[in-house]
1. Under 22 Å between C-alpha atoms is the cut-off here; go through region 192-267 and count lysine pairs that meet it, provided they're at least eight residues apart or on different chains.
2. Using Cα atoms only, what is the angle between the long axis of helix 2-18 and the major principal axis of the chain, expressed in degrees (0 to 90) to the nearest 10?
3. Describe numerically, in nm with one decimal, the distance between label points set 7 Å from Cα along Cα→Cβ at residue 493 and at residue 448.
4. Whole-Hz Karplus ³J(HN,Hα) for region 192-198, in order, using 6.51 cos²θ - 1.76 cosθ + 1.60 and θ = phi - 60°, x for Gly and Pro?
5. Given H placed 1.01 Å from N in the peptide plane, which residues other than close sequence neighbours of residue 181 have an amide H under 5 Å from its amide H?
6. Out of residues 5 or more away from residue 232 or on other chains, whose amide H comes under 5 Å of its own, with H placed 1.01 Å from N in the peptide plane?
7. Using a 1.4 Å probe on the protein chains only, how many percent of the accessible area of the chain belongs to carbon and sulfur?
8. Give a quick list of GluC sites (Glu not before Pro) in region 527-582 that DSSP marks as loop, anything other than H, G, I, E or B, with at most 15 other Cβ atoms within 10 Å.
Amino acid sequence: MRQILLTFLALLVSATVFGQDKHTINGYIKDSSNGEALIGATVYVKEISNGVTTNVYGFYSITLEPGDYTVQFSYVGYSTQLQTVSLQQNLELNVDLEIESETLEEIVIEGELEQANVENTEMSTNKLDIRTILKVPTLLGEADVFRSILLLPGVTTVGEGASGFNVRGGSVGQNLVLLDEAPVYNSSHLFGFFSVFNPDAVKDTKLFKGAIPSRYGGRLSSILDVRMKEGNSKKFEGNGGIGSIFSRLAVEAPIVKDKSSFIVAGRRSYLDILARPFVPLLEDGGKLYFYDLTLKTNYTFNRKNKLYASGYFGRDVFFFDKQQGFSWGNTTGTVRWNHLYNERLFSNVTFVYSNYDYQLQFGEDDLDKFNWKSSISNFIVKPQFTYFIDSNNELDFGGEAIYYSFTPANAVGVSNGNAIDVSLDEKYNLEAAVYIGNRQKINDWLSLEYGLRYSHFQLYGPGKVYQYNDTIPGFRRYAVSEETIGKGKSVVDYGNFEPRASFRVQLSPKSSLKGSYNRMVQYLHLISNTAASNPLDVWTPSSREIKPELADQFTLGYFRDLGPGKEYELSLETYYRTAQNQVDYIDGADILINEFLEGDLLSGKGRAYGLEAYLQKKTGKLTGWVSYTLARTESKVNGINNNDWYPTRYDQTHNLKIAGFYDVSERVSLSSNFVLVTGSPSTFPTSRYVMQDLLIPYNANNSRNNVRLPTYHRLDVSCTLQGKKVKKGKKRKIEDNWVFSIYNLYSRKNPFSIYFSQRDQRVVDNNPIDSKAVQFSIIGSLVPAVSYNFKF
């Protein structure tokens, strides 16, 4: 730690000493139509053939020798601006870019620089522009962040109806999902069919699969950073849509023009309302719906200080009748303060509250019932600083402190009026981290990005700590002693260094070679032994028995721009990741309301490796991309699969995705996507035995995930019809469009799982018992949909 601070001080001193004769140009780049900050906009100085990009708040800073310069400001889909400046002192230069109205919008994924694919150090990173998300055909015609992410290389899911997503062989719980820097612990609505992110409120989505900057931590596989719109600071604006399953509405407007604005966006499904006359279950008090509300506001005090406040409130409700059902939901709140200390030192201090809870209840009446509530909440303080040393160095440093409160189970059962409390003790944790990182351009052909993060985790009392017996690996361990820990007393603590490094070697003006290494540490664990993650899965912190998960990932990639106008991007990436302390389960593990859960858990190691190929066409009437992933994900845990390596549930050898978008005319556009994926592994019985005419399947050789489900493939199509811009010679005040879509066009019955059962017939003496394999498909037919979207 001492060495990190000395390095930081050396960089700061050298930047101050050698930068005294230089001057700085800084400012913000925004959309001229609504005042939204443009993330990743390019500031390019022609005289030095170098430049910078704006941060997530649209801020940039570049330090140069005194002189005359031509500065180019650009962002994909916007008109480029050129400004000539005579730099004799520090200069503040704010720029508003106008949307290009006469050119076709480009589909943007991964960077806004004209040659970002080959010239920056970023790799294993995908950026989805909201315009792309709106074009992708999805279930029931509703634009969705997750459905778009699943079309990217290295991103998978175990099937329809599975919550979350998997990245490079990681589990759903190994992805950190952030909404305006607030962690979202369950990011799905309706059992995984939709994400919690309202597209009307989303500005920018960025997925880090590797080469993860040192400012991020806490998960092994990926970081999904979703940024919300700030609200139109120029004029009142409304967006909305009426779909097959839910409707949405968003309004945004200035509070003080060019100084303060807000946005409020809401959604509510109405499947229960439409189906109630036809489904008796819903007539008896049953409920099936979700809703969410997203809001954000900001205020600019002066050129050096700006305040943001945002929040999210969402919930899913699924009740079979008035007494029985379950629900789950997220609540987040974020307050951020941007401060500019000087022309080169930018800071942001973030305060976050996040809560995820779920509830389960069933029973006939108040005399016989069961209620279970569980939650995880946290408070976060995150100071972050960026020091723009010069045009070749950008230094990030800061810290993070997270206080966790877990309620594993607040559960009470009532039988014949007698209450039985089976609640589990709450758990309290503190996770803290400091980091430093630098982006450095060595020369025209070599760039580096390197950093170090140190994280520390501590589990506190009050509570009980159990010690378990040693047994044969793969069998349940039983508690042999108990220790009571007082309030505020430390139970266990862990500390880990997390180095990060990446490089870019420019091979030619159109091609480059990139590589990276990062270590990630995860102190929270999502406990789930089902085929797919579900809302009732359990989050639990590291303890004496459950060690933090660690992963080391190496990546190497070749990047190239193709075509005379560089309208194509090609990338080939290989990765290899090893993991320690991976959590798995004994056969028959009991993970729900289990005070001795640690006795059912196993720990082992994992590995994931693969090749990702990605080709994208960015411009023209026909745009889109093709991605292919060849991968393997395996675990090795003593007590499972005879202590040999076995494929994980989310291992998929081949993964092909094709997305295409075609502008037929100014009003009509077509889009489609095709997915072909190797079937997920599953554990099938290898033998069977009969007891009292009952057939019991049995896995005789203790194998895990020994069979693969059939190949998954699906084709989706959609057509968007834009409304007329002029009616009866006058420009319409409303912009609107109709989206006609078909999900699963050729009605493929993709298996989610296969299970075995005994046929329902009388068993004849001395005859073999007949059994059958049953394939369960979430969606087994085509799903047509129509939605209407408007903007005013």
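1. Qualifying lysine pairs in region 192-267: 12.
2. It works out to around 20 degrees.
3. Label at residue 493, label at residue 448, 3.3 nm between them.
4. x, 6, 9, 8, 7, 8, 6
5. The answer is 226.
6. It is 253, 262, by chain and number.
7. Working: 19170 of 34010 Å².
That fraction is 56 percent.
8. Working: sites: 545, 549, 567, 569, 573; in loops: 545, 567.
Here the GluC sites (Glu not before Pro) that fit, given the DSSP loop and packing criteria, are 567.
The values are calculated or read from the model by the stated rules, or taken from the named source; none is laboratory data. This one's a predicted model, so the numbers in the text were calculated from it and none came from an experiment. Please note: Cβ atoms are built from the backbone with ideal geometry, for glycine as well, and neighbour counts cover all protein chains shown. In case anyone asks, the SASA skips ligands and DNA or RNA and just uses the protein heavy atoms, side chains included. Shrake-Rupley method; radii C 1.70, N 1.55, O 1.52, S 1.80 Å.
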